Amino acid sequence: MNLTLKVWKQKNNKTQGAFETFKVSNISSEMSFLEMFDVLNEQLVAEGKEPVAFDHDCREGICGMCSMYINGRAHGPWTHNTTCQLHMREYKDGDTIVVEPWRANAFPVIKDLVVNRSSFDRIIQSGGYISVNTGNAVDANALPVEKQKADDSFAAAMCIGCGACVAACPNASAMLFVSAKVSHLSLLPQGEPERKARAVNMVNQMDTEGFGSCTNIGACEAECPKGISLENIARLNREYISAVLSGSANSA
Amino acid sequence: MNWKHYFNTSIGKKLQMSLTGLFLILFLIVHCYVNAQIFYNDGGVRFNEAAHFMGTNFLIRAIEFGLFGFLILHIVQGLMLWSSNRAKRTNRYAVSAGNQTSKWYSRSMALLGTLILLFLVLHLSKFWAPNRYSQLSGNGEKNLFEMMRDEFQMSWVVIVYTFGCISLGWHLVHGFYSSFQTLGLGTHKYKGFIKSIGIAFSIIVPLIFAAMPVAFFMQWIK
């Protein structure tokens with residue numbers, strides 16, 4: 001199929017970007033969206049032009065790098081998938097596709113479609129860890145964990161930190177990400193010692209990074225490739241309230 | 001860190017919106033119950049009795065100060081949140097998801113709230129302000145039933161009230177659920193229940209309110 005692409009081009013964080021229009025032809029419906037971009041870039045290189053910069057790594061939906069905002073949707077129109085898992089059979093010959101980077105002030109554009117998501121790393125550093133004694137590894141089943149909690153924790157741990165929640169949120173809020181990370185650790189006994197400080201510190205860091213405030217709109221949940229539920233945000237709210245009310249958050 | 005800090009984080013601001021919103025929901029229930037007394041169609045006897053109690057009881061009058069305080073906090077914090085959240089994405093998307101990933105009313109709380117505020121200015125200037133002024137200047141309470149009957153003869157007033165109630169309904173559909181989600185109750189166990197109650201509340205209460213001007217205008221209540 002032949003397609004028209006309107007792609008965001010931006011030299012760096014200091015300059016203003018703009019859309020540029022490209023034509024790609026002979027695109028197979030079996031290609032992934034990223035492979036279609038590979039074809040475009042090969043074409044641009046052959047023409048002696050600069051290729052479009054975009055993030056990608058595993059190309060199997062687990063690394064969270066491929067951050068494209070496609071026709072108004074994070075990772076394109078399919079639910080529970082990443083850009084690399086979006087296939088060209090979604091599109092018809094002659095379609096025009098608008099591709100933008102994640103837009104949030106906390107995710108500054110590095111180049112074209114590549115954004116800097118280090119703000120997520122700093123949020124993790126502020127509390128997304130547990131303390132483990134050195135020495136021999138503890139037996140995996142030494143600490144009993146309630147089945148439901150283990151399942152909920154695992155579901156939260158599915159978060160790949162791609163930032164689609166921020167990209168999709170009208171407020172550019174990172175609450176779904178932070179709530180997944182807080183839930184994942186705080187539901188388990190290993191996460192208990194830092195539990196209260198974790199909730200408060202990660203929320204503080206999230207605010208410092210310049211993410212918006214959650215207003216329970218739910219676009220994050222709708223766009224999350226891993227199906228992270230809004231229940232995690234409810235849990236983060238509870239964790240935060242209980243940390244503040246118990247006063248233990250001050251030791252953070 | 002202190003309480004002021006905790007209430008000023010993003011979750012703290014959500015909590016301010018949630019708690020003041022829940023208080024305003026409680027107020028709506030009381031207001032609706034008292035005003036629904038007009039439907040006895042007894043020439044306003046029961047309504048005026050209830051209005052007299054609400055207008056003169058010391059405790060209710062004290063709570064009225066709290067009501068205005070919470071209302072102003074809800075409005076100011078809401079508008080500040082709206083503006084600061086907008087500022088978090090300076091470069092906006094060329095194409096947006098719109099209704100594909102969220103409901104329009106959940107994205108339009110500031111707009112719906114502003115419409116309710118405009119309605120409130122008219123509403124308070126028509127009933128609350130003249131009545132309190134009359135009380136404070138020593139002329140006693142006004143006959144609120146007669147005031148309603150007179151005001152709701154004007155079709156434009158009835159139309160504005162109807163639009164005010166519609167805005168309130170949509171604001172509540174998101175606000176009711178959202179306030180409980182902020183308190184951490186949006187779990188799979190309660191979420192469906194809260195959403196259902198919220199939708200029922202958002203339909204029933206504004207409908208009863210809207211029925212009042214309409215009933216006077218249509219002369220169903222005399």
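Here, each number is a calculation from the coordinates, and none is a lab measurement. Quick caveat: nothing in here was measured; it's all calculated off a predicted structure. In this analysis, Cβ positions are derived from the backbone assuming ideal geometry, glycine residues included, and neighbour counts consider all displayed protein chains.
Taken over region A:3-110, the convex hull of the Cα atoms encloses 107 Å³ per residue. Residues in region A:205-217 carry Karplus couplings, in order, of 5, 4, 5, 4, 6, x, 7, x, 9, 5, 10, 6, 6 Hz; the curve used is 6.51 cos²θ - 1.76 cosθ + 1.60 with θ = phi - 60°, and Gly or Pro positions show x.
Dividing the mean sequence gap of close Cα pairs (under 8 Å, 6+ apart) by how many residues region A:118-251 holds gives a relative contact order of 33 percent.
Exposure proxy for A:Arg198, A:Arg122: other Cβ atoms within 10 Å of each Cβ, ordered fewest to most, give A:Arg122, A:Arg198. Note on region B:1-50 and region A:32-72: Cα centroid distance 52 Å, given to the nearest whole angstrom. Rounded to the nearest whole angstrom, the semi-axes of the ellipsoid equivalent to region B:123-222, taken from the Cα gyration tensor as √(5λ), stand at 34, 18, 10, largest first. Taking Cα centre as origin and charging only the Cβ of basic (Lys, Arg, +1) and acidic (Asp, Glu, -1) residues, the dipole magnitude of the protein assembly as shown rounds to 960 debye. Seen against the Cα atoms of chain A and their longest principal axis, helix A:33-46 is set at about 50 degrees.
As a rough guide to protection, the peptides A:147-158, A:91-102 ranked by mean Cβ packing within 10 Å, highest first, stand as A:91-102, A:147-158. In summary, the helical segments of chain B meeting the span-like criteria, namely a full DSSP H run, a Cα extent along the axis of 18 angstrom or more and a mean Kyte-Doolittle hydropathy of at least -1.0, are B:10-35, B:58-86, B:109-123, B:155-182, B:191-217. Within straight-line reach of A:Lys149, meaning a Cα separation under 19 Å, sit the following lysines at least 8 residues removed in sequence or on another chain: A:Lys181, A:Lys196, A:Lys226, B:Lys189, B:Lys191. Among B:Lys189, B:Lys142, B:Lys13, the residue with the largest mean-square fluctuation in a Gaussian network model of chain B, with springs joining Cα atoms closer than 10 Å, is B:Lys189. Peptide A:166-174 has a mean of 5 when you count, residue by residue, the C-beta atoms of other protein chains within 10 Å of its C-beta.
Bridgeable aspartates and glutamates around B:Lys195 (alpha carbons under 16 Å apart, same-chain partners fewer than 8 residues away excluded): A:Glu231. For chain A, a Gaussian network of Cα nodes joined below 10 Å ranks A:Ser179, A:Ser229, A:Ser67 by mean-square fluctuation, and the top entry is A:Ser229.
Taking amide H as placed 1.01 Å from N in the peptide plane, the amide H of A:Ser173 sits under 5 Å from that of A:Gly212, each at least 5 places away or on another chain.
Partner shielding of B:190-196 amounts to 1, given as the average count of beta-carbon atoms from other chains within 10 Å of each residue beta-carbon. Can you grab the distance from the C-alpha centre of region A:95-168 to the C-alpha centre of region A:173-252, Å, no decimals? Computed from Cα coordinates, the inter-centre distance equals 12 Å. With contacts taken as Cα pairs under 8 Å at a separation of at least 6 residues, chain A carries a relative contact order of 20 percent.
Packing order of peptides A:1-14, A:105-118, highest average first: A:105-118, A:1-14 (average count of other Cβ atoms within 10 Å over each peptide's residues). Across chain A, the volume of the C-alpha convex hull divided among the residues equals 152 Å³ per residue. Find the Cα radius of gyration of region A:118-251, compare it with 2.2 N^0.38 Å by division, and give the number to two decimals. My calculation over the Cα atoms of region A:118-251 gives 1.04.
Note on the protein assembly as shown: antiparallel DSSP beta bridges, both residues inside, total approximately 75 percent of the bridges counted. Computed per residue of chain A from DSSP H runs no shorter than four, each worth -39500 (n - 2.57), the mean residue ellipticity at 222 nm is -10500 deg cm²/dmol.
Summed over all non-identical Cα pairs, the Kirkwood treatment of chain B gives a radius of 19.4 Å.
When cysteine pairs in chain A are screened for C-beta atoms closer than 4.7 angstrom, the residues that find no partner are A:Cys66, A:Cys84, A:Cys159, A:Cys162, A:Cys169, A:Cys214, A:Cys224. Springs between Cα atoms under 10 Å define the GNM used for chain A, and in it the highest mean-square fluctuation of A:Asn71, A:Asn136, A:Asn216 occurs at A:Asn136.
With neighbours defined as other Cβ atoms within 10 Å of a residue's Cβ, the residues B:Met154, A:Met36 order from fewest to most as B:Met154, A:Met36. The mean number of partner chain beta-carbon atoms within 10 angstrom of a residue's beta-carbon across peptide B:9-19 is 6.
Ordering of B:123-130, A:24-31 by packing is B:123-130, A:24-31, highest average first (other Cβ atoms within 10 Å, averaged per residue). Placing one identical point scatterer on every Cα of the protein assembly as shown and ignoring solvent, what is log10 I(q)/I(0) from the Debye formula at q = 0.09, 0.12, 0.13 Å⁻¹? Ignoring solvent entirely, the Cα scatterers give -0.73, -1.06, -1.15.
How would you rank B:His52, B:His31, going from fewest to most other Cβ atoms within 10 Å of each one's own Cβ? Ordered from fewest to most neighbouring Cβ atoms within 10 Å, B:His52, B:His31 come out as B:His52, B:His31. Mind pulling the angle between the C-alpha long axis of helix A:147-157 and the longest principal axis of chain A? Nearest 10 degrees, somewhere in 0 to 90. Result, in degrees: 40.
Dividing the mean sequence gap of close Cα pairs (under 8 Å, 6+ apart) by how many residues chain B holds gives a relative contact order of 29 percent. Principal-axis analysis of the Cα atoms of chain A puts helix A:231-246 at an angle of about 40° to the longest axis.
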